[in-house]
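What follows draws every value from the coordinates through simple rules; no lab data is involved. What you see is a predicted model; the values in this text were computed from it and never measured. Backbone-built Cβ (ideal geometry, glycine too); neighbour counts: all protein chains shown.
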């Protein structure tokens, strides 16, 4: 376990972008909220004219704010994470530093698993942590700019705790759901001798085209799209009308919205972990990761 | 006590190319062994196999372990420098020390610090900011601070200038070597290492063509310088190599009759580099002219 912590620290030394990119995003968003257009009237409160938030939900607005901020981070995160996984077992073969790392008593299994953990879990954790910090700064700045008006809802410890549970659940389920994709990336990274991005894209594309040409079907392509697109949908109960995450009650002719209704209703761990798609994904991911470890033991520099 | 390294029928193929062809050798504890051969002879393949960096066929045990399968355990007792340019550019010197200290049970931090103290390397520098000579000093300090039984060096001074090469070998012999350690060095620059070796192995086209301690070289090999008048008579003793130099001819013999040889003049023990050229440039007729003006065949035979 000790080796593992050193390997993780090593990744932070090598890849400062792990925290630099989210830090820059957080910084830019903060600048935006300090100098941007902020407006509220009797019904709505909006930031830069983009998001209209009804006043009724102000008591729950920490949750809305956290979602709004974190989504921005979670859109950028997989792009970096994917790149990191594609590069992680390739760059040290390319610059020959693998010959230094392999001279130390660290197994290839530890090395591969540490890099996988960074790409799948640590990077999302860093993004969410910085998103969290940004959310709190946002709440503070908005409260200052709007006076006492929003302050009650924009810092809500109970809502904060609930969002932490939600983000941790999100990271865990997405790490499991995207295990086959991460496994494929780390396998390409261990195997390719050049052009890792191209090698990560071409074989799946070739399979799609080959299948279409041979059988006239699109099974593999649909499966890939499903894998890439449905992670959140499978981990959460999401209904089109939003009834799983908000509740509107009418009290004396006035609408009140509650967000979220209950985070435990929102999450669907049993459904997610018992789904065949999840289990097949785990199996494929583990197979690819094992293949990457075997390749790693037999390969030195390019 | 079993040998430190034992190889039987060690074979390494790259496709149809045979890099090592059923090689047998062993290395005893406490020796400094030079594995010497021209470029592409199989030196690096042999070392990569010994260090568990590549797969091979045949029998190979290093410190009683099977290198490829047990590399992690092997690297607790063995260390290596495979080319000096392999420390990653992003790594800071002090963090390199932290990392090795963190993962290597036999690393002595104060020793690495003491070795670096003697140099001009700054601890906060990144490897990419250092000259090649300084990088070598860092790598050597990191490696010499490990209490290893076996130290393997693959072309350790490639690309270094004369001063850096000299100080590299001085440090190796003066600060590191003692009777508990064994060093295996590959190089194609024989002259540079011949004074520090206790044993030599010549490798050519994937085969070991000579494997001997330096003492036994004196018993087994001889060279004699003859003038044109004695040449035919000396040739009748069947030299395996001859070389013309300044109007005379140096003849090299394996297991000669020393008394009969002495009749032609002073019997010399060939230097390792002369023997290397003699063994590898083939048999009679492949004589080269001494354009580089080096000394004659070597030291007088006792």
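May I ask you to give the average projected area over all directions of the convex hull of the Cα atoms of the protein assembly as shown, in nm² rounded to one decimal? Walk me through the numbers before you get to the answer.
On the way: hull surface 151.5 nm².
Mean projected area of the Cα convex hull: 37.9 nm².
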Q: Provide a whole-number value for the mean count of partner chain Cβ atoms within 10 Å of the Cβ atoms in peptide A:4-15.
A: 3
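Taking region B:87-137 on its own, what percent of its Cα-Cα pair distances exceed 13 Å?
Numbers: 715 of 1275 pairs.
When every Cα pair of region B:87-137 is considered, 56 percent fall beyond 13 Å.
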Q: Rank B:163, B:74, B:142 by mean-square fluctuation in a GNM of chain B with C-alpha springs under 10 angstrom and give only the top-ranked residue.
A: B:163
Q) In whole angstrom, how long is each semi-axis of the equivalent ellipsoid of region B:126-168, when you take the square root of 5 times every eigenvalue of its Cα gyration tensor and sort them from largest down? A) 19, 14, 8
Q.
Compute for region B:20-135: radius of gyration divided by Kirkwood radius, i.e. Rg/Rh, restricted to C-alpha atoms, rounded to two decimals.
A. 1.01
Q. Rounded, prolate or oblate: which fits region B:129-247, taking a ≥ b ≥ c as square roots of the Cα gyration tensor eigenvalues, rounded meaning a/c under 1.5, else prolate when a/b beats b/c?
A. prolate
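Treat the count of other C-beta atoms within 10 Å as a stand-in for reagent exposure and order B:14, A:232 from fewest to most. All intermediate terms of the calculation are to be shown ahead of the outcome.
Numbers: B:14 9, A:232 13.
Fewest-to-most ranking of B:14, A:232: B:14, A:232.
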(Q) Please give the Cα centre distance for region A:57-106 versus region B:135-154, rounded to the nearest Å. (A) 34 Å
Q | Neighbour-count order for A:178, B:59, fewest beta carbons within 10 angstrom listed first | A | B:59, A:178
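Please give the direction-averaged projected area of the C-alpha convex hull for region B:215-280, in square nanometres with one decimal.
On the way: hull surface 16.5 nm².
Its Cα hull, projected and averaged over all orientations, spans 4.1 nm².
Hey, got the average number of other protein chain Cβ atoms within 10 angstrom for residues in B:86-93? Before the final figure, lay out each step's value.
Details: counts 11, 5, 11, 3, 7, 5, 1, 0.
Mean partner shielding for this stretch: 5.
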**Q.** Spatial separation of Cα centroids for region B:200-220 and region A:162-214, in angstrom
**A.** 52 Å
Q. In whole Å, what is the distance between the alpha-carbon centres of region B:88-107 and region B:55-78?
A. 23 Å
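How large is the helix-only mean residue ellipticity at 222 nm for chain B, computed as the sum of -39500 (n - 2.57) over DSSP H runs with n ≥ 4, divided by its residue count, in deg cm²/dmol to the nearest 500? Let's see the in-between values first.
Details: 11 runs with 88 residues, N = 302.
-8000 deg cm²/dmol, from helical runs alone.
Which order results if B:56, B:169 are arranged by neighbouring Cβ count within 10 Å, fewest first? Don't jump to the answer; show the numbers that get you there.
Numbers: B:56 23, B:169 17.
Exposure proxy ranking, most exposed first: B:169, B:56.
Specify whether the C-alpha gyration tensor of chain B places it in the rounded, prolate or oblate class, a ≥ b ≥ c being the square roots of the eigenvalues: rounded for a/c under 1.5, otherwise prolate if a/b is larger than b/c and oblate if not.
Working: a/c = 2.33, a/b = 1.76, b/c = 1.32.
Prolate.
Which whole number gives the average count of other chain Cβ atoms within 10 Å of the Cβ atoms across peptide A:101-113? The partial results should precede the final answer.
Numbers: counts 4, 9, 18, 12, 15, 6, 5, 2, 1, 2, 0, 0, 0.
For this peptide, the per-residue mean of nearby foreign Cβ atoms is 6.
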Q. Tell me, Kirkwood radius of region B:64-104 from alpha-carbon pair distances, in Å?
A. 12.0 Å
Q: Let me know the Rg and Dmax you get for region B:137-207 when you use only its Cα atoms, in Å.
A: 12.4, 35
Q. What shape does region A:171-234 have by the C-alpha gyration tensor, where a ≥ b ≥ c are the square roots of the eigenvalues, rounded means a/c under 1.5, and otherwise prolate means a/b greater than b/c and oblate the rest?
A. oblate
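Counting alpha carbon pairs within less than 8 Å and at least 6 residues apart, what relative contact order, in whole percent, applies to region B:5-205?
Working: 355 pairs, mean separation 63.8, N = 201.
Normalised by residue count, the contact order of region B:5-205 is 32 percent.
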